[in-house]
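As structure tokens, the structure follows; a few thoughts come after it.
The values are calculated or read from the model by the stated rules, or taken from the named source; none is laboratory data. The structure displayed is predicted, hence computed values, not measured ones. A quick note on method: Cβ atoms are made from the backbone with ideal geometry, for glycine too, and the neighbour counts reach across all protein chains shown. Accessible surface is based on the protein model in full, side chains and every heavy atom, while ligands, DNA and RNA are left aside. Shrake-Rupley method; radii C 1.70, N 1.55, O 1.52, S 1.80 Å.
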Amino acid sequence: MPQTETRRTGPSSFATLGLIEPIVRAVAACKYTTPTPIQITAIPALLDGRDVIGSAQTGTGKTAAFALPVLQRVAKMTTPRESKSPRVLVLEPTRELALQVEGAFERYAKHLRSVRISSAFGGVGKYEQTHLLRVGVDVLVGTPGRVLDLRLQSRLDLTDVQILILDEADRMFELGFVPDVRRLLGVLPPERQTAFFSATLPDPILRFAREVMHNPLRLEANRRSSAAPGISQRACFVESANKFPLLVELLRREEKGRSLVFVTAQRDADKLAKRLEKEGVAATVLHGGISQTDRFAAVDGFRDGSIKVLVATDVAARGLDIPGITLVVNLELPSEPKQYVHRIGRTGRAGASGTAIAICDETERKRFQGIQTLIRQDFEPLVDHAWHAPGIMDDVMHRPGHWRAPSLHPDRVRHHAVRIPPPRSRKR
Ligand code: AMP
């Protein structure tokens with residue numbers, strides 16, 4: 001039986017979690033007053049050198065939960081930094097996330113003068129990225145493909161890595177990065193500290209974690225597959241031909257905020273942005289088919305508010321931390337229900353409020369019901385528009401015995417640590 005330990009999220013501060021003063025000061029400058037549940041459990045465990053499998057609702061402070069203790073451990077390392085040999089490797093599934101997490105490390109390390117951080121991801125010149133590596137870095141944040149590449153070209157040496165963080169582990173699995181991650185693990189020193197962080201922890205990830213970790217502590221700070229409590233989840237029911245005029249109307253209503261619209265295919269994103277432009281709604285696209293420069297420009301413009309509407313594929317569904325997204329529209333419902341939770345997690349970040357609107361047409365009844373079952377919550381229908389199709393709504397919303405959920409009040413969310421027994425044989 002796994003051992004379960006339930007802790008209260010009582011009054012905790014970053015200092016009482018064991019963090020040193022320069023880190024506490026940097027955190028205070030970020031205006032974090034109290035640690036989040038995943039930070040309360042993960043920070044002491046990682047400071048202790050434990051292997052950790054952490055699952056946390058998207059937007060709940062997962063990055064700081066691993067970055068703060070990692071920085072403290074690095075700050076206390078006494079051996080000199082070596083050229084091309086980082087001491088910490090943080091793997092991220094996308095370039096945007098690698099850049100974002102590198103930025104978070106930089107902010108938290110502001111008062112740690114001796115700690116150097118760098119990143120490595122595709123789509124930008126290797127020279128710039130390896131320049132710092134040659135001088136020597138402590139923390140390298142990168143995507144698995146580029147990290148492997150640099151290693152194969154002998155621009156990077158991983159034999160000194162003492163801490164490995166695999167962030168967004170479930171996304172790594174979905175994107176097929178596991179062979180690359182395994183290859184990287186094969187060259188890391190076996191006596192390292194390892195942590196996996198992920199929004200969801202399906203069985204293949206837990207099995208993989210057991211294989212590559214030593215007596216990991218499992219930390220769960222959220223209900224499985226739930227959305228942040230500040231997100232109001234609404235649903236519109238329309239014939240497919242009416243999705244576009246409805247979207248235009250919703251975006252106009254939101255003109256003071258920032259809206260993120262999800263579609264499935266890259267070409268649909270391009271077409272939609274053009275149609276929106278014709279209607280006088282300026283929109284920018286973000287998907288894997290545009291250049292890296294345009295990807296970064298889209299994220300930066302959306303972050304600084306110069307872009308109000310971003311039309312994106314699921315490349316934007318994970319981890320992107322852009323404060324101030326007030327509306328997320330699922331113009332096409334995802335085929336994987338859990339992708340819905342990731343998409344809407346782009347709003348309601350860090351306790352803010354936001355609205356997520358799922359637009360369901362006659363072909364998407366099953367997808368809609370799949371989402372409702374996963375989130376164990378009824379949507380609040382949004383019917384004050386000209387295209388409402390009551391027939392579709394009745395089909396999916398009002399079945400006898402349909403799930404009627406209690407609200408997901410934060411006080412109801414338990415978090416616990418579960419000890420996982422070590423595997424019988426450890427392969428590296
Ligand atoms: P993450 O889940 O790591 O993407 O973090 C989501 C957002 O929460 C980021 O904007 C962080 O800057 C912010 N954040 C992280 N920890 C805290 C905290 N303890 N208090 C307030 N905001 C936080």
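A compact table of results
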quantity: Among (1) closer than 19 Å to VAL315 by Cβ; (2) free of Cβ contacts under 8 Å to residues at least 40 places away in the same chain; (3) open to solvent by 30 Å² or more (accessible area, probe 1.4 Å) - the single one LEU175 does not satisfy; calculated: (2)
quantity: Test: residue in the range 273-288 that is in the same structural domain as PRO381 (by TED's automatic domain parsing), open to solvent by 70 Å² or more (accessible area, probe 1.4 Å) and in contact with an Asp or Glu (Cβ under 9 Å, 6 or more places away or on another chain); calculated: no
quantity: Only listed residue being open to solvent by less than 30 Å² (accessible area, probe 1.4 Å), in a helix (DSSP H, G or I) and touching a helix residue (DSSP H, G or I) at 6+ places or on another chain (Cβ under 7 Å), chosen from VAL181, VAL141; calculated: VAL181
quantity: ILE53 vs. criteria touching a Lys or Arg at 6+ places or on another chain (Cβ under 6 Å), crowded, with 23+ Cβ neighbours inside 10 Å and not hydroxyl-bearing (Ser, Thr, Tyr); calculated: yes
quantity: Extreme residue, least open to solvent (accessible area, probe 1.4 Å), among residues of the range 22-44 that are among the hydroxyl-bearing types (Ser, Thr, Tyr) and within 10 Å of the ligand (Cβ to nearest atom); calculated: THR36
quantity: Hits in the range 363-382 - residues which are part of a loop (DSSP other than H, G, I, E, B) and loosely packed, with under 14 Cβ neighbours inside 10 Å; calculated: THR363
quantity: Residue in the range 121-139 that is within 20 Å of GLU168 (Cα to Cα), in contact (Cβ under 8 Å) with a residue 12 or more places away in the chain, touching a Pro at 6+ places or on another chain (Cβ under 8 Å) and assigned by TED's automatic domain parsing to the domain that holds SER154 present; calculated: yes
quantity: Filter result for ALA221 (touching a His at 6+ places or on another chain (Cβ under 6 Å), in contact (Cβ under 8 Å) with a residue 40 or more places away in the chain and crowded, with 17+ Cβ neighbours inside 10 Å); calculated: yes
quantity: Residues being more than 16 Å from the ligand (Cβ to nearest atom) and assigned to a loop (DSSP other than H, G, I, E, B) - total across the range 303-325; calculated: 4
quantity: Checking SER240 against (1) under 24 Å from GLN339 (Cα atoms); (2) within 25 Å of the chain's Cα centre (by Cα); (3) open to solvent by 40 Å² or more (accessible area, probe 1.4 Å), the condition it does not meet; calculated: (2)
quantity: Qualifying residue in the range 330-339 (condition: more than 20 Å from PHE121 (Cβ to Cβ) and among the small types (Gly, Ala, Ser)); calculated: yes
quantity: One residue from SER118, SER114, SER55 being of a type in the set (S, T, N, Q) and within 16 Å of the ligand (Cβ to nearest atom); calculated: SER55
quantity: Residues satisfying the stated conditions in the range 71-93, i.e. farther than 19 Å from ALA195 by Cβ and open to solvent by less than 20 Å² (accessible area, probe 1.4 Å); calculated: SER85
quantity: Any hit, the range 42-54, residues being modelled with pLDDT under 95 and either among the hydroxyl-bearing types (Ser, Thr, Tyr) or not assigned by TED's automatic domain parsing to the domain that holds LEU99 (or both); calculated: no
quantity: Yes/no for LEU68 being crowded, with 22+ Cβ neighbours inside 10 Å and either at pLDDT 90 or above or closer than 29 Å to PHE177 by Cα (or both); calculated: yes
quantity: Verdict on ASP300 being closer than 27 Å to THR60 by Cα, acidic (Asp, Glu), within 16 Å of the ligand (Cβ to nearest atom) and assigned to a loop (DSSP other than H, G, I, E, B); calculated: no
quantity: Residues of the range 326-365 satisfying the condition of being basic (Lys, Arg) and away from the ligand (no atom under 15 Å from the Cβ); calculated: LYS338, ARG365
quantity: The range 94-127, subset of a type in the set (Phe, Trp, Tyr) and within 23 Å of the chain's Cα centre (by Cα), residue surrounded by the fewest Cβ atoms within 10 Å (Cβ to Cβ); calculated: PHE121
quantity: Residue check, THR79 over 17 Å from the mean Cα position of the chain (by Cα), within 12 Å of the ligand (Cβ to nearest atom) and in a loop (DSSP other than H, G, I, E, B); calculated: no
